[in-house]
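For reference, the structure is listed below as structure tokens.
The values are calculated or read from the model by the stated rules, or taken from the named source; none is laboratory data. Quantities reported herein were computed from a predicted structural model and do not represent experimental measurements. For neighbour counting, all protein chains shown are included, and Cβ atoms are generated from backbone atoms with ideal geometry for every residue, glycine included.
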Amino acid sequence: MFERIRNAFGNIKLTTTIAVLVISATVVSAAAISAAIYVTLSESARESAQTQQTSNLKTAATVLNSLLPGATVSWNDDGSLDGIKTWVMPRQFLNNDLVDSIVRITGESATLYTWNDEAQRFEALSTTLRDADGKRLVGMPLDETDPAFASITAGLPYRGQANIEGENYFTAYQPIADLVRQGARHYLCRVGQGSSGSGDI
């Protein structure tokens, strides 16, 4: 009789162990599948955002070519943006019509920067980005702490993520060559999609 009871309890323990192993394996498998789906979706979202910013940068270049006196835009044979050049850039904009025009078309944020020799950084001349009080972030710096800095100071475009005033953005930066300074990348155009998805003009 005692042998039967012992065997019964032994079977229960074995059954419980198997059940726990099956449940654990199911949970681990579900977690692995969820992680794989998340990574795939995140990568897809990044690729989609970067493609969108490339398109938005082409829009910005077209607007600059039309509204900024002295600006010229060159295109590659495949329709991609080759470069932006200008003979002059205002030291201070009287209004924000240029960046606002870009945002009205793209629905996302835009900024024009100039280079500050003394501070060795770019600073926003005109932008659609605003602080918590609704004031435009004119003067907002872009320096060597930004992941885009190395590329754009070398005269190369940049596509990627950036943190601006605490918000993450998918961004595209395009250097603007200063023809007076023999092609130096003295100015910069940025378009970006924030986590809120708004350009907020």
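Any idea which of 161, 193 is surrounded by fewer than 18 Cβ atoms within 10 Å (Cβ to Cβ), within 19 Å of the chain's Cα centre (by Cα) and part of a strand (DSSP E or B)? Walk me through it before giving the result.
Values: 193 fails: surrounded by fewer than 18 Cβ atoms within 10 Å (Cβ to Cβ).
After ruling out the rest, the residue left standing is 161.
Mind checking whether some residue in region 128-140 is over 26 Å from residue 66 (Cα atoms), surrounded by fewer than 21 Cβ atoms within 10 Å (Cβ to Cβ), modelled with pLDDT under 95 and in contact with a Phe, Trp or Tyr (Cβ under 6 Å, 6 or more places away or on another chain)?
No, that holds for no residue.
Can you tell me which of 80, 101 is of a type in the set (Ser, Thr, Tyr), surrounded by fewer than 16 Cβ atoms within 10 Å (Cβ to Cβ) and within 23 Å of the chain's Cα centre (by Cα)? Reasoning before the result, please.
On the way: 101 fails: surrounded by fewer than 16 Cβ atoms within 10 Å (Cβ to Cβ).
Of the residues listed, the single one that is of a type in the set (Ser, Thr, Tyr), surrounded by fewer than 16 Cβ atoms within 10 Å (Cβ to Cβ) and within 23 Å of the chain's Cα centre (by Cα) is 80.
When residues of region 83-98 are filtered for being loosely packed, with under 10 Cβ neighbours inside 10 Å and farther than 19 Å from residue 191 by Cα, how many remain? Talk me through it step by step, then tell me what you get.
We begin by selecting, within region 83-98, every residue loosely packed, with under 10 Cβ neighbours inside 10 Å; these are 91-92, 94-95.
Narrowing further to those that are farther than 19 Å from residue 191 by Cα: 91-92, 94.
Number of matching residues: 3.
Is there a residue in region 154-162 that is touching a Pro at 6+ places or on another chain (Cβ under 9 Å), among the small types (Gly, Ala, Ser), within 20 Å of residue 55 (Cβ to Cβ) and at pLDDT 85 or above?
Of region 154-162, the ones touching a Pro at 6+ places or on another chain (Cβ under 9 Å) are 154-158, 160-162.
Keeping just the survivors that are among the small types (Gly, Ala, Ser) gives 154-155, 160, 162.
Still in the running and within 20 Å of residue 55 (Cβ to Cβ): 160, 162.
If we keep only those that are at pLDDT 85 or above too, we end up with 160.
Looking for residues that are touching a Pro at 6+ places or on another chain (Cβ under 9 Å), among the small types (Gly, Ala, Ser), within 20 Å of residue 55 (Cβ to Cβ) and at pLDDT 85 or above, one finds at least one in region 154-162, hence yes.
Which residues, taken from region 104-126, are surrounded by 14 or more Cβ atoms within 10 Å (Cβ to Cβ), over 19 Å from residue 177 (Cα atoms) and among the aliphatic types (A, V, I, L, M)?
Answer for region 104-126, where residues must be surrounded by 14 or more Cβ atoms within 10 Å (Cβ to Cβ), over 19 Å from residue 177 (Cα atoms) and among the aliphatic types (A, V, I, L, M): just 105.
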